[in-house]
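The values are calculated or read from the model by the stated rules, or taken from the named source; none is laboratory data. In this text, all values refer to a predicted model and were calculated from it rather than measured experimentally. Every residue, glycine among them, receives a Cβ derived from its backbone with ideal geometry; neighbour counts consider all protein chains shown.
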Amino acid sequence: MNLKDAIRTIPDFPKPGIMYRDITTLLTNRKALAQSITDLAAPYGAQNIDNVAGIEARGFTFGTAVAYELGAGFVPIRKKGKLPFDTYQQDYQLEYGQDTIEIHADSIRKGERVLLIDDLIATGGTAEAAIKLLRKTGAEIVGAAFVIDLPELGGLKRITDMGIPVTALVAFEGH
């Protein structure tokens, strides 16, 4: 199955000139969903992953399933103010401002092997912030995996430049 065919493109959303890659159609297609989980997990099956970290919110959908597939735990990386216990925080730049993500300070022990998961990588700003956050916990980041890459925006290169192996299941030219 070509996963790209299972992803809907919506032109001019959320603003003119943007081609929005909608994973809803992949999620509702049982074969595409199963294949995406298997394909995200496959490169890491023999790497003794302790935890999969998923970025809010779509990273939760794929991350928990990949964690199950790998026999690992799942750690949520959330937007600021959503976690009720002691946290580490990481600020990052958005196209039009700044945001903050958090992780529970006790969710990962030093030296644990962690795989980062999200649905899409564009500029890589959120993924870079998540990697910095995971490094604060002492995690050994084994890799980062995404369903969709928007190569023109350079996110994969940004993450590989941080020394993190990266995989993406499909790439869409144009953003």
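Would you check which residues across segment 5-27 are out of contact with any helix residue (DSSP H, G or I) (no Cβ under 9 Å at 6 or more places or on another chain), on the phi < 0 side of the Ramachandran plot and either exposed (fewer than 13 other Cβ atoms within 10 Å of the Cβ) or in contact (Cβ under 8 Å) with a residue 12 or more places away in the chain (or both) and list them? Full working, then the answer.
Of all residues in segment 5-27, those out of contact with any helix residue (DSSP H, G or I) (no Cβ under 9 Å at 6 or more places or on another chain) come to 9-22, 24.
Keeping just the survivors that are on the phi < 0 side of the Ramachandran plot gives 9-11, 13-16, 18-22, 24.
The answer is T9, I10, P11, F13, P14, K15, P16, I18, M19, R21, D22, T24.
Taking the stated definitions as given, is T100 at pLDDT 95 or above, under 19 Å from N51 (Cβ atoms) and of a type in the set (S, T, N, Q)? So T100 fails the test.
With the structure loaded, tell me whether G54 is crowded, with 18+ Cβ neighbours inside 10 Å, out of contact with any helix residue (DSSP H, G or I) (no Cβ under 7 Å at 6 or more places or on another chain) and touching a residue at least 60 places away in the same chain (Cβ under 8 Å) or whether it fails that test. Reasoning before the result, please.
Working: crowded, with 18+ Cβ neighbours inside 10 Å: yes; out of contact with any helix residue (DSSP H, G or I) (no Cβ under 7 Å at 6 or more places or on another chain): no; touching a residue at least 60 places away in the same chain (Cβ under 8 Å): yes.
Judged against the criteria, G54 is not a match.
Restricting segment 96-114 to residues that are touching a residue at least 12 places away in the same chain (Cβ under 8 Å) and under 21 Å from L150 (Cβ atoms) leaves a set whose member that is surrounded by the fewest Cβ atoms within 10 Å (Cβ to Cβ) is D99. If you check I108, I77, I23 for being closer than 21 Å to F172 by Cα and either modelled with pLDDT of 95 or more or not polar (S, T, N, Q) (or both), only one passes: I23.
Pull up segment 80-97, narrow it to residues that are hydroxyl-bearing (S, T, Y) and at pLDDT below 95, then point me to the one that is farthest from G124 (Cα to Cα).
Here is the first cut: in segment 80-97, the ones hydroxyl-bearing (S, T, Y) are 87-88, 92, 96.
Next, only the ones that are at pLDDT below 95 stay: 92, 96.
Values: Y92: 10, Y96: 15 Å.
Top of the filtered list is Y96.
Is there any pair linking a residue in segment 129-151 that is over 14 Å from V75 (Cβ atoms) to one that is modelled with pLDDT under 95 and assigned to a loop (DSSP other than H, G, I, E, B), with Cβ under 6 Å and at least six apart or on different chains, and which? Listed pairs, sorted by first residue: L150/A122; L150/H175.
Examine segment 129-138 for a residue that is in a loop (DSSP other than H, G, I, E, B), buried (at least 18 other Cβ atoms within 10 Å of the Cβ), modelled with pLDDT of 95 or more and polar (S, T, N, Q), and state whether such a residue exists. Within segment 129-138 (the criterion being in a loop (DSSP other than H, G, I, E, B), buried (at least 18 other Cβ atoms within 10 Å of the Cβ), modelled with pLDDT of 95 or more and polar (S, T, N, Q)), the answer is no, since none of the residues qualifies.
Yes/no matrix, rows are residues, columns are (1) more than 11 Å from the chain's Cα centre (by Cα); (2) part of a helix (DSSP H, G or I); (3) within 17 Å of G154 (Cα to Cα):
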| residue | (1), (2), (3) |
| --- | --- |
| Y92 | yes, no, yes |
| D99 | yes, no, no |
| D106 | yes, no, no |
| R109 | yes, no, no |
| V114 | yes, no, no |
| T126 | no, yes, yes |
